[in-house]
2 protein chains.
Amino acid sequence: MLRTHTCGQLNISDVGTTVTLCGWLQRARDLGGMTFIDLRDRYGITQLAFNMVTDAALLADARKLSREYVIQVTGIVIERSSKNLKVPTGEIEIEVKTLNVLNAAKLPPFTIEDDTDGGDDIRMQFRYLDIRRNAVKQNLLLRHKVCQLTRSYLDQQGFIEIETPVLIKSTPEGARDFVVPSRMNAGEFYALPQSPQTFKQLLMVAGMDKYFQIVKCFRDEDLRADRQPEFTQIDCEMSFIEQDDILQVFEGLTSYIFKNIHQINLPNFERISYQTAMNLYGNDKPDMRFEMKFVDLKSTVIGRNFKVFDDASYVVGIVAPKCANYTRKQLDELTDFVKRPQIGATGLVYIRCNDDGSIKSSIDKFYSENDLQSIAQTSNAKAGDLILILAGALNKTQKAMSELRLEMGQRLGLRTPGVYKPIWVVDFPLLEFNEEQNRFFAMHHPFTSPKTDDFHLLESNPGAVRANAYDLVINGVEIGGGSIRIHDKQLQNKMFNLLGFTPEEAQEQFGFLLNAFEFGAPPHGGIAFGLDRLCSMIGGTDSIRDFIAFPKNNAGRDVMIDAPSAIDQKQLSELSIAVIK
Amino acid sequence: MLRTHTCGQLNISDVGTTVTLCGWLQRARDLGGMTFIDLRDRYGITQLAFNMVTDAALLADARKLSREYVIQVTGIVIERSSKNLKVPTGEIEIEVKTLNVLNAAKLPPFTIEDDTDGGDDIRMQFRYLDIRRNAVKQNLLLRHKVCQLTRSYLDQQGFIEIETPVLIKSTPEGARDFVVPSRMNAGEFYALPQSPQTFKQLLMVAGMDKYFQIVKCFRDEDLRADRQPEFTQIDCEMSFIEQDDILQVFEGLTSYIFKNIHQINLPNFERISYQTAMNLYGNDKPDMRFEMKFVDLKSTVIGRNFKVFDDASYVVGIVAPKCANYTRKQLDELTDFVKRPQIGATGLVYIRCNDDGSIKSSIDKFYSENDLQSIAQTSNAKAGDLILILAGALNKTQKAMSELRLEMGQRLGLRTPGVYKPIWVVDFPLLEFNEEQNRFFAMHHPFTSPKTDDFHLLESNPGAVRANAYDLVINGVEIGGGSIRIHDKQLQNKMFNLLGFTPEEAQEQFGFLLNAFEFGAPPHGGIAFGLDRLCSMIGGTDSIRDFIAFPKNNAGRDVMIDAPSAIDQKQLSELSIAVIK
């Protein structure tokens, strides 16, 4: 051991002890006959003191050091004259007796400080320096803790962590599979798993009963700002259970993690149906930290010759509390907001319910004060409130109003950081219809089971069939989701039929799972949480990248190691492939 | 929940309780008016009783079931008339009231029994059925436990688990890299890591101090019987430490795992140098459960006109205790053993030290009784012992004698199952000379540090330089290894020079790590354990495959899912590659 203590360990009770510390030079201050150095390691910062009177040569050596030098010092713990009570080591310093430079350091391209001067790109390129900063370091420590808590919780619940293979088989469905040429099997390829879905179902057939895994998954898709080509899931599957059992286990897990990390008790996990979520929030991932529920106004506003409303299949309002006094400018901002191309509304209607009981709107031309009062009543708006209304086609207008609701929540400070409102969204539709291809697709995947109550609709009205599928949403962010699987062969065949598979196609694509199901598949279901997303939620930021040690950028590149990159011809030949540009 | 209890849970204290169980039909026995069914799940087996008198219809239903049917039963726990005290549930059975078939099952292609009738190939193809067998299931449970213990131990020691990327960069050294074409970066490839070596070193530069990870690694090589293209490592790295610190932590970890799984205290971890291991056991992975050390006999046997010994650069003996009475047949077997091509000795010399003090050998023609007594004395052989001698070139003869020693240990029952003798082999050579390419290669990797005492030999006699490198060996099996790394740039450059790299080549291949080292690299070192190997050692078998849920065969194929496989032209085109056979 090159040290006796870490830089986060010593305090007033250690005064008089001779210690050896190692670390990086965070900063140095020269004050006449003294030099003070903040020595940093993973655990904290300890102040080193060099004194011209005691040891002029040592002081001179200390003054030759630069930021981020790696040094080892031996000295005596003494009480500081000017204490810093904000840090655990702030009452002491080390009177240094010997100084040993373990390694020199070039000046880093950005400051290793909480408030760094480095931009995103340079910090990604020098990620190993960025990790030295408290913010990034704490994120990685948090991620470690979340994983430890997850494993100990699930282990206590009888779950077994089982590693599933990374080199698997590509399927025709796997358009976004990463593939891996096999040297030993020329012309053949492995695929990297988008999830361990089939393997965890096989483990249920294998009788493992309760499986989990914290596992890397891979998806070769155009990356949105917040996607990574490799990402990590907390993946689970259980046998002989019903939906409620899974929800309970994972409520328990989520509460356990929040309790241990934030020392808070999460509130009850409400459950709302997909349909209710869409009706009330226009979104299957509603932020439940505030109300501002949708009000369907179509029947209230129809028939006043206001073409925008009369022609719209859907007219929806929300009530922004105490916003009746919004200025023209504020209302224009909101109108601009909803008209942005990514939101796509054509306009915004507002009704001010003034404090004095009067009412004023942007549609006064078409609606009498009585009409407006009636809208206010339907919306449950009170004096002082502002009603905001959008109209148009259902899906598009729901989506736009959902964005406006979130924007208003933000403006009104209702999306309080540190407040967590978890919710289960349940009863997702089994299928979604793709207009382009004129056929149904599985909303979750083809092994998701329909609700027993809706069996009778499978043939007459497949689009209305609800699935035993569920998502966990916290503060408007989807943390994970899953479903109860089909374990009955007849039902599975019917499902493939609905999805337009011939029996031969089903066999070709899912053969090994279907075969396995013939040897005694238990009723089973599961769930997967996005670990990166869960960590960023717990850490209180939006970016999952901050919680990954070595993330890739939006082009799927690791700019630190410069990957991907060309490989040489010899290697390509050995793999029996060629590059075709 | 479809059950109130598992099949491993109920005992005599539950008599009278109404319970619901789910599981697989292990076996059924029809005895006149009764049918007994063993119901199996992950947790155990519980006996179900059906009675013609109580419920003839139910009995008839039960008799329609076949092996591996998945059923749910409700009934009352009753005391058995004929108890089986070997299983925890053996004192009770369930008097079944209702029976529900959850899923039918085709007859499995092999019996789901401890002693199965299925061969290796069929069990691999139906791995999900093989996992239902106790042997395989227990191996997976053991692996889970080893992982949990590892994580909790290292967490308690302040280690942080950090995920390193799976999609990394291929290097020219990486001839055995699996590569992954990037769709978004046409003509470019990621590589799958053979180990997280460079990333864990970067994490030390990043100040993370104590890192670990249980992590998948990948190597595209011709597979020996006991290698897998994807395998799992317990990977660690520490900063500000010396070799002894790493050995202590991982001795602690190993002891902790054995203590918790086998309830045994491992003996002291002896440390022997590579050179001593080679001299005494002809092997850097000696099985220390028995002695039978090598004796160098060259100087004792020389000069008696026995050409085989006189011409050999190395003559080595071992003493097989109490084997003087080996028959001609037994000695012929040993001779055949050492002459096998994979061992490659040309012959075997023996000396019997008879119980009566007389001595007799296969070289009596050349050696007098006095000569033989002198060999026996040098070998420390006692009356009743058998001396076995090989001669030839050093390396080849060491290897052959090592095999013979293990064979004798086996024959004499000295390699006792359940006895564990861990040992650290230290002071490995830094470099090994490759005759073919006429240059040195790093024995471990180019970042392994030489021992300070041997710095002076780096230029004059590089082959003699010892490294700060170490392996953990238990019972002749290498569990893991590691080294203290170079953190000094001058020394690193000297090392590259020794390995025949130009500065440009070093920069091209290891640039991002070398650059990182310029920004303040702490002294650091690490180790990696093979998890698959560790589990098979703890589980008491030789095959790592038994401890992997879904292993691949010797051709790198997963025969269950039939991977790797061809992919379609569209997918190849999207990836900008073509197959060239």
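Counting, for every residue in A:157-164, the Cβ atoms of other protein chains within 10 Å of its Cβ and taking the mean gives 6.
Given chain A, what percent of its DSSP beta bridges are antiparallel, to the nearest 5? Please report the intermediate quantities before stating the final value.
Numbers: 92 of 100 bridges.
Bridges in chain A that DSSP calls antiparallel: roughly 90 percent.
Annotation: amide H-H contacts under 5 Å for B:G8 (H modelled 1.01 Å from N, sequence separation of 5 or more, or interchain): B:Y43, B:G44.
R0 = 41 Å: FRET efficiency of B:L412 with B:E459, Cβ-based, nearest 0.05? Numbers along the way, then the final one.
Working: r = 47 Å, r/R0 = 1.16.
Efficiency, rounded to the nearest 0.05: 0.30.
With contacts taken as Cα pairs under 8 Å at a separation of at least 6 residues, the range B:278-320 carries a relative contact order of 39 percent.
The range B:372-445 and the range A:491-553 have Cα centres separated by 51 Å.
Considering only A:G303, B:V77, B:L430, and ranking their Cα positions along the charge dipole of the protein assembly as shown that arises from unit charges at the beta-carbon of Lys, Arg, Asp and Glu, the one farthest toward the positive end is B:V77.
Enter the mean projected area of the convex hull around the alpha-carbon atoms of the range B:422-524, in nm², rounded to one decimal.
Numbers: hull surface 30.2 nm².
Across all orientations, the range B:422-524 yields a mean hull projection of 7.6 nm².
Let me test this: with uniform point scatterers at the alpha carbons of the range A:290-411, what is the Debye-based log₁₀ I(q)/I(0) at q = 0.13, 0.16, 0.18 1/Å? For the requested q values the scattering log ratios are -0.44, -0.69, -0.89.
Measuring max minus min along each principal axis, the C-alpha atoms of chain B give extents of 92, 76, 52 Å (largest first).
Give me the percent of accessible area attributable to carbon and sulfur for chain B, probe 1.4 angstrom.
Numbers: 11650 of 24040 Å².
That share works out to 48 percent.
For the range B:42-57, the Karplus equation 6.51 cos²θ - 1.76 cosθ + 1.60, evaluated at θ = phi - 60°, returns couplings of 4, 9, x, 10, 10, 7, 9, 10, 10, 10, 4, 5, 6, 7, 5, 5 Hz by residue, with Gly and Pro reported as x. Mean per-residue shielding of peptide A:573-579 is 6, counting Cβ atoms of other chains within 10 Å of each Cβ.
Among the listed pairs B:K293/B:K360; B:K86/B:K145; A:K145/B:K137; A:K360/A:K382; A:K329/A:K360, a Cα-Cα separation exceeding 18 Å is found for B:K293/B:K360; B:K86/B:K145; A:K145/B:K137.
Residue separation times 0.36 nm, minus the C-alpha to C-alpha distance between B:K86 and B:I580: what's the value?
Working: separation 494, 0.36 × 494 = 177.84 nm, distance 6.03 nm.
Value of the extension gain: 171.8 nm.
Computed over chain A, the per-residue total of -39500 (n - 2.57) for DSSP H runs of n ≥ 4 gives a 222 nm mean residue ellipticity of -8500 deg cm²/dmol, rounded to 500. Per residue, the protein assembly as shown exposes an accessible area of 41 Å² to a 1.4 Å probe, with every protein chain left in place. With a Förster radius of 35 Å applied to the C-beta separation of A:N438 and A:N380, the computed FRET efficiency comes to 0.25.
Rounded, prolate or oblate for the range B:12-103? Axes are the square roots of the Cα gyration tensor eigenvalues, ordered a ≥ b ≥ c, and the cut-off for rounded is a/c under 1.5. It is rounded, given that a/c, with a ≥ b ≥ c, falls under 1.5. Share of pairwise Cα-Cα distances greater than 18 Å in the range B:450-581 is 73 percent (whole percent).
Overall shape of the range B:87-143 was characterised from the C-alpha gyration tensor. The equivalent ellipsoid obtained from it has semi-axes of 26, 18, 11 Å, in decreasing order. Tell me whether the range B:517-567 comes out rounded, prolate or oblate; compute the Cα gyration tensor, take square roots of the eigenvalues as a ≥ b ≥ c, and use a/c under 1.5 as the rounded threshold. Oblate is the answer for the range B:517-567, as a/c is 1.5 or above yet b/c matches or exceeds a/b.
Position B:A578: other-copy label points at 0.5 nm, ordered by increasing distance, label point 7 Å along Cα→C-beta.
The peptide list B:443-454, B:555-566, A:258-269, put in order of mean Cβ contacts within 10 Å with the highest first, becomes B:555-566, B:443-454, A:258-269.
The protection proxy used here, the mean number of other Cβ atoms lying within 10 Å of each residue, ranks peptides A:141-149, B:465-473, A:430-438 as follows, highest first: B:465-473, A:141-149, A:430-438.
So for the range A:12-103: antiparallel DSSP bridges make up what percent, rounded to the nearest 5? The partial results should precede the final answer.
Working: 32 of 34 bridges.
Roughly 95 percent of the beta bridges in the range A:12-103 run antiparallel, per DSSP.
What's the whole-number percent of alpha carbon pairs in the protein assembly as shown lying beyond 48 angstrom?
Values: 295121 of 674541 pairs.
Tail of P(r) above 48 Å: 44 percent of Cα pairs.
For the range A:422-524, the relative contact order comes to 27 percent (Cα pairs under 8 Å, sequence separation of at least 6).
Computed packing ranks the peptides A:2-12, B:496-506 as A:2-12, B:496-506, most packed first, by mean other Cβ atoms within 10 Å. Over the range A:161-227, with a single point scatterer placed on each C-alpha, what log10 of the ratio I(q)/I(0) does the Debye formula yield at q = 0.15, 0.28 1/Å? Relative scattering, expressed as log10 I(q)/I(0), comes to -0.58, -1.19.
Counting, for every residue in B:522-529, the Cβ atoms of other protein chains within 10 Å of its Cβ and taking the mean gives 2.
Take the Cα of A:N100, go 7 Å toward its beta carbon, and none of the backbone nitrogen atoms of the range B:205-240 fall under 11 Å from that spot.
The range B:219-292 and the range A:257-313 have Cα centres separated by 59 Å.
Within the same chain, lysines fewer than 8 places from B:K451 are excluded, and of the rest, those with a Cα less than 19 Å from its Cα are B:K489, B:K494. Between identical copies, the spacing of A:N260 label points, each set 7 Å from Cα toward the C-beta atom, reads 1.3 nm from nearest to farthest. Cα centroids of the range B:80-109 and the range A:22-97: how far apart, whole angstrom? Cα centroid to Cα centroid, the span is 71 Å.
Please give the FRET efficiency for B:H445 paired with B:R271, using the beta carbon to beta carbon distance and R0 = 25 Å, rounded to the nearest 0.05. Walk me through the numbers on the way to the answer.
Working: r = 22 Å, r/R0 = 0.87.
For B:H445 and B:R271, the calculated efficiency is 0.70.
For B:G347, the point set 7 Å out from Cα toward Cβ sits 10.9 nm from its twins in the other copies, listed from shortest up. Counting 0.36 nm for each residue step from A:D114 to A:K396 and taking away their Cα separation leaves a gain of 97.3 nm.
Angle of helix B:134-156 to the longest C-alpha principal axis of chain B, folded into 0 to 90 degrees and rounded to 10: 60°. Taking both sides together, what accessible area is buried at the A/B interface, probe 1.4 Å, expressed in Å² and rounded to the nearest 100? When A and B are taken together, about 10900 Å² of accessible area is lost.
Given contacts defined as C-alpha pairs under 8 Å and at least six residues apart, what's the relative contact order of the range B:12-103, whole-number percent? If you can, show how the numbers build up before the last one.
Numbers: 197 pairs, mean separation 30.3, N = 92.
Averaging sequence separation for qualifying contacts and normalising by length gives 33 percent for the range B:12-103.
Once backbone amide H atoms are built at 1.01 Å from N, A:E161 has A:F212 as its partners under 5 Å, excluding neighbours fewer than 5 places away on the same chain.
Here the Karplus relation 6.51 cos²θ - 1.76 cosθ + 1.60, evaluated at θ = phi - 60°, turns the backbone of the range A:375-380 into coupling constants of 4, 4, 5, 4, 7, 6 Hz, with x for every Gly and Pro. Residue-wise HN-Hα couplings along the range A:384-394, as the Karplus relation 6.51 cos²θ - 1.76 cosθ + 1.60 with θ = phi - 60° gives them from phi, are x, 8, 10, 9, 10, 10, 10, 9, x, 6, 4 Hz; Gly and Pro carry x.
Once amide H atoms are placed 1.01 Å from N in the peptide plane, what residues at a sequence separation of 5 or more from A:M443, or on another chain, have their amide H within under 5 Å of its amide H? Long-range HN contacts for A:M443: A:L431, A:E432.
The values are calculated or read from the model by the stated rules, or taken from the named source; none is laboratory data. Computed from a predicted structure; not experimentally measured. Methodologically, a virtual Cβ is constructed for each residue, glycine included, from the backbone with ideal geometry; neighbour enumeration extends over all protein chains shown. In case anyone asks, the SASA skips ligands and DNA or RNA and just uses the protein heavy atoms, side chains included. Shrake-Rupley method; radii C 1.70, N 1.55, O 1.52, S 1.80 Å.
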